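Participant: Quick one: the structure is below, questions incoming.
The values are calculated or read from the model by the stated rules, or taken from the named source; none is laboratory data. These figures come from a predicted structure and were not determined experimentally. Cβ: placed from backbone, ideal geometry, glycine included. Neighbour counts: every protein chain shown.
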Amino acid sequence: MSMPKQSIFREEQSFDLKWQRLLLAIPPASISLLLIWQVILGHPWGKQPMSNANVIGWTIFLWLVYLRLVTIRLVTEVRPGELAVAMQGLWRERRISLDTIKSANVITYDPARDYGGYGIRTTRRGKAYIAGGNLGVRLKLDNGGTVVIGSSRPDELMAAIIRHDASVSAV
């Protein structure tokens, strides 16, 4: 059994999207009202109402999906020899060998205009991992690819990458 590599830099960012959380809560809240109306108060809703078991099942399912979506975090780690980025709770971790990074620089960007919003984004500009804010680190890779990692501590992230691989140049 291999031991996990120790982190040199670690940052966890939650998605600070209050309006999106409110919008995501509409389906489970709506079915919760249906649950109260039909199951608790005993008033079937519609011409062909769902069974009470289905209403209860869908209510539980939608609340579980909602809770899963609002607890997703962007986790960025610099470990000896690699950079790891993951949407913890939704997507598997992506590992980038520090040997494959040609350059790194701190950037300011507009998440909506430059990358189409938050999350894991692939555009003509490259791949982006963004949880919030407008600061990050742009990595140029040996294969010609570009990766942007959103960070609330971009200077520390870039310093950790450069410090542990002397071949990476700061731009």
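Participant: Filter region 118-131 for residues that are on the phi > 0 side of the Ramachandran plot and either in contact with a Ser or Thr (Cβ under 8 Å, 6 or more places away or on another chain) or surrounded by fewer than 16 Cβ atoms within 10 Å (Cβ to Cβ) (or both) and give the result.
Facilitator: Step one: list which residues in region 118-131 are on the phi > 0 side of the Ramachandran plot, which gives 119, 126.
GLY126, the sole residue that qualifies.
Participant: Can I ask one more? Among the residues of region 157-169, is any among the small types (Gly, Ala, Ser), surrounded by 14 or more Cβ atoms within 10 Å (Cβ to Cβ) and under 24 Å from PHE15 (Cβ atoms)? So that I can check it myself, show each step before the final result.
Facilitator: We begin by selecting, within region 157-169, every residue among the small types (Gly, Ala, Ser); these are 159-160, 166-167, 169.
Applying the additional criterion that residues be surrounded by 14 or more Cβ atoms within 10 Å (Cβ to Cβ) yields 159-160.
After this cut, where a residue has to be under 24 Å from PHE15 (Cβ atoms) as well, the list is 160.
Yes, region 157-169 contains at least one residue that is among the small types (Gly, Ala, Ser), surrounded by 14 or more Cβ atoms within 10 Å (Cβ to Cβ) and under 24 Å from PHE15 (Cβ atoms).
Participant: Still on this structure, please answer the following. Touching a residue at least 60 places away in the same chain (Cβ under 8 Å) and out of contact with any Cys (no Cβ under 8 Å at 6 or more places or on another chain) - does that describe any residue in region 51-72?
Facilitator: So the first thing to find is which residues in region 51-72 are touching a residue at least 60 places away in the same chain (Cβ under 8 Å), and the list is none.
No - not one qualifying residue is present in region 51-72.
Participant: Within the bounds of region 145-157, is there any residue that is small (Gly, Ala, Ser), modelled with pLDDT of 90 or more, more than 18 Å from LEU74 (Cα to Cα) and out of contact with any His (no Cβ under 7 Å at 6 or more places or on another chain)?
Facilitator: Taking region 145-157 and keeping what is small (Gly, Ala, Ser), we get 145, 150-152.
With the extra rule that they be modelled with pLDDT of 90 or more, the set shrinks to 145, 150-152.
Those left that are additionally more than 18 Å from LEU74 (Cα to Cα): 145.
Those left that are additionally out of contact with any His (no Cβ under 7 Å at 6 or more places or on another chain): 145.
There is at least one residue in region 145-157 that is small (Gly, Ala, Ser), modelled with pLDDT of 90 or more, more than 18 Å from LEU74 (Cα to Cα) and out of contact with any His (no Cβ under 7 Å at 6 or more places or on another chain).
Participant: Would you check which residues across region 58-70 are among the β-branched types (Val, Ile, Thr) and out of contact with any Ser or Thr (no Cβ under 8 Å at 6 or more places or on another chain) and list them?
Facilitator: First pass over region 58-70, keeping only residues among the β-branched types (Val, Ile, Thr): 59-60, 65, 70.
Answer for region 58-70, where residues must be among the β-branched types (Val, Ile, Thr) and out of contact with any Ser or Thr (no Cβ under 8 Å at 6 or more places or on another chain): ILE60, VAL65, VAL70.
Participant: Could I ask something else about it? Among all residue pairs at least 6 apart or on different chains, which show Cβ distances below 8 Å where the first residue, located in region 139-153, is in contact (Cβ under 8 Å) with a residue 40 or more places away in the chain and at negative phi and the second is of a type in the set (S, T, N, Q) and not in a strand (DSSP E or B)?
Facilitator: From region 139-153, the pairs are LEU141/THR100; ASP142/THR100; ASN143/THR100.
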